[in-house]
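The values are calculated or read from the model by the stated rules, or taken from the named source; none is laboratory data. This one's a predicted model, so the numbers in the text were calculated from it and none came from an experiment. Here the Cβ positions follow ideal geometry from the backbone for every residue, glycine too, while neighbour counts run over all protein chains shown. SASA here: full protein model, heavy atoms, side chains in, ligands and nucleic acids out. Shrake-Rupley method; radii C 1.70, N 1.55, O 1.52, S 1.80 Å.
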Amino acid sequence: MNIIFDLGGVLMQHNMSGCIRKMTALLGEEGMQRVLGLCPNGEGVADSLMDKYECGLVTEDEFIDTIHRACVAGTSREQIIDAWVTMHAGIPDECWTFLKKLKEKGHQLFVLSNNNETHYKDILEHYDMSVFEHVFLSHELHYRKPERGIYEAVDSYFKSHGIDKEPVVFIDDIAQNRAMGEQFGWKTGENIHFLDKIFA
């Protein structure tokens, strides 16, 4: 079986409040929305700097420099990066144990994530992503879930590797993202416990 995992909200725990707190200290509330496009409730604004960064339409340097110009005097690039990666609260050890067991049983594991260069660099510094056969990232594919284009890229990869002949399960915590996956014939669930039903 082929299993696609979202990262944030499924494997990776979020610390959105911590990220907002640190970024607001650097940008102020008005700057958070005007520059970054991140609302106080953690929702992103369409076509914002954050949105473009997740689609790979701006580089890491452009992203950080744009924020840096709007920050309070004396803010360093390192402080911006530290605040930004605070959004990640880590992948629990039990998740890694579970993933390794799935792999040992012969299941192929994948990631499909709305992500950005800075966050993914941070992930690679802390986790061995080789447990996954392939990692599909919005900033590399230039589409974000639930845009159809990112699913078509995954589907094309699967077909070229003969994976489309086998069942695909897609685990994502957002209903709209799962709905698009279902259009490609994927079975979907909102958390890893959905797999317990499949393997029961």
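Relative to the longest principal axis of the Cα atoms of the chain, the long axis of helix 117-126 makes an angle of roughly 60 degrees. Kirkwood hydrodynamic radius, the range 47-86, all distinct C-alpha pairs: what's the number in Å? Answer for the range 47-86: a Kirkwood hydrodynamic radius of 10.5 Å. Counting protein heavy atoms only, the range 1-107 has 50 percent of its accessible area on carbon and sulfur, 1.4 angstrom probe.
Placing 78, 182 in order of accessible area, with the largest value first and a 1.4 Å probe, yields 78, 182.
Using the alpha carbon gyration tensor of the chain, what are the three equivalent-ellipsoid semi-axes (square root of 5 times each eigenvalue), largest first, in whole Å?
Its equivalent ellipsoid spans semi-axes of 32, 18, 15 Å.
Take every pair of alpha-carbon atoms less than 8 Å apart whose residues are at least six positions apart; their mean separation over the length of the range 1-136 yields a relative contact order of 36 percent. About the centre of its Cα atoms, the chain shows a dipole size close to 360 debye [charges on the beta carbon of Lys, Arg (+1) and Asp, Glu (-1) only; nearest 20 debye]. With respect to the chain, whose longest principal axis is taken over its alpha-carbon atoms, helix 16-31 is tilted by about 40°.
For the range 145-200, the square roots a ≥ b ≥ c of the C-alpha gyration tensor eigenvalues yield an a/c of 1.5 or more together with a/b not exceeding b/c, which makes the shape oblate. In the chain, the DSSP beta bridges split such that about 10 percent are antiparallel, to the nearest 5.
Against the main long axis of the alpha-carbon atoms of the chain, helix 60-70 sits at an angle near 30°. Remark: the chain carries 50 Å² of accessible area per residue (probe radius 1.4 Å; ligands, DNA and RNA excluded).
With a threshold of 20 Å on the Cα-Cα distance, the over-threshold entries among 121/159; 52/159; 103/197; 52/121 are 121/159; 52/159. Residue 24 sits with roughly 40 Å² accessible to a 1.4 Å probe, with DNA, RNA and ligands left out of the calculation.
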